[in-house]
1. So for the stretch 182-190 (the condition being in contact with a helix residue (DSSP H, G or I) (Cβ under 7 Å, 6 or more places away or on another chain) and either among the small types (G, A, S) or in a loop (DSSP other than H, G, I, E, B) (or both)), does at least one residue qualify?
2. So which of I176, I172, I145 is more than 13 Å from A60 (Cβ to Cβ), assigned to a strand (DSSP E or B), in contact with a His (Cβ under 8 Å, 6 or more places away or on another chain) and aliphatic (A, V, I, L, M)?
3. Mind checking which residues of the stretch 87-142 are part of a helix (DSSP H, G or I), over 19 Å from D7 (Cα atoms) and among the hydroxyl-bearing types (S, T, Y)?
4. Considering only residues that are surrounded by 15 or more Cβ atoms within 10 Å (Cβ to Cβ) and either over 18 Å from M8 (Cα atoms) or of a type in the set (K, R) (or both), which ones fall in the stretch 140-168?
5. Considering only the stretch 112-135, state which residues are in contact with a Lys or Arg (Cβ under 7 Å, 6 or more places away or on another chain) and surrounded by fewer than 21 Cβ atoms within 10 Å (Cβ to Cβ).
6. Name the residue that is farthest from R158 (Cα to Cα), counting only residues in the stretch 64-101 that are touching a residue at least 12 places away in the same chain (Cβ under 8 Å) and among the basic types (K, R).
7. Going by the structure shown, is V125 modelled with pLDDT under 95 and of a type outside the set (K, R)?
Amino acid sequence: MSTSVLDMSVSLDGYIADPDDFLGGDDGERLHKWADADGESGGLAAVAVQFQDEWTAAGAVLVGRRTAELMDHWGGDHGGLPIFVPSHRPPGPAARWGYPLVTYVLDGIESAMAQAKAAAGEKDVQVRGAYTAQRALEAGVLDEIQVHQIPVLLGAGRRLFDVLPSQIELEILRVIDTPEATHIRYRVRR
């Protein structure tokens, strides 16, 4: 059975982007520098490759509309994976006619996750976007959370877990500590 996994980089103070939707820091990519697959950031190549292998082994992507539109739906192709976007309104023209692997789901997060899991088969569903992750937790359809905690304090911006319906218990599955990030994978307890 497929597992849904939120996978996000986050600052120590809980932000996934600065107030202007940049990913932290002056160059807008501070929160993703740890994933330098060339090994220029202190020999992280093996760790970056491990996570890249996990991402490419997924079977589908579930992403919030805001994130999908900010990324222009990854040009309609998230590494060849089908993209499911839970939304309250129909997609714009690019997603409607130009991107055949993008499916807007208008009948709730539960339906969107069910469709993504069906498309993924036995593979993971990668979840993207803070709002979507919060709604998936609220609906009980998010199975795991993987955060790449970056040793930086952004001080403001968009929080990963800004509004939750209640306390949510997690079980630590794995911790990988590197100088550039601490990578923690949790299972959501039900």
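The values are calculated or read from the model by the stated rules, or taken from the named source; none is laboratory data. Keep in mind it's a predicted model, so treat the numbers as computed, not measured. Note that each Cβ is placed from the backbone with ideal geometry, even for glycine, and that neighbours are counted across all protein chains shown.
1. no
2. That would be I176, the only listed residue that is more than 13 Å from A60 (Cβ to Cβ), assigned to a strand (DSSP E or B), in contact with a His (Cβ under 8 Å, 6 or more places away or on another chain) and aliphatic (A, V, I, L, M).
3. S111
4. Answer for the stretch 140-168, where residues must be surrounded by 15 or more Cβ atoms within 10 Å (Cβ to Cβ) and either over 18 Å from M8 (Cα atoms) or of a type in the set (K, R) (or both): R158, R159.
5. The answer is Y131, and nothing else.
6. Among those residues, the one meeting the criterion is R89.
7. Considered against the rule, which asks whether it is modelled with pLDDT under 95 and of a type outside the set (K, R), V125 comes out as no.
Residues are listed down the side, and each one gets a yes or a no for (1) surrounded by 22 or more Cβ atoms within 10 Å (Cβ to Cβ); (2) of a type in the set (S, T, Y); (3) touching a Gly at 6+ places or on another chain (Cβ under 9 Å):
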| residue | (1), (2), (3) |
| --- | --- |
| D53 | no, no, no |
| G59 | no, no, yes |
| G64 | yes, no, yes |
| H73 | yes, no, yes |
| F84 | yes, no, no |
| P91 | no, no, no |
| R96 | no, no, no |
| Y99 | no, yes, yes |
| E110 | no, no, yes |
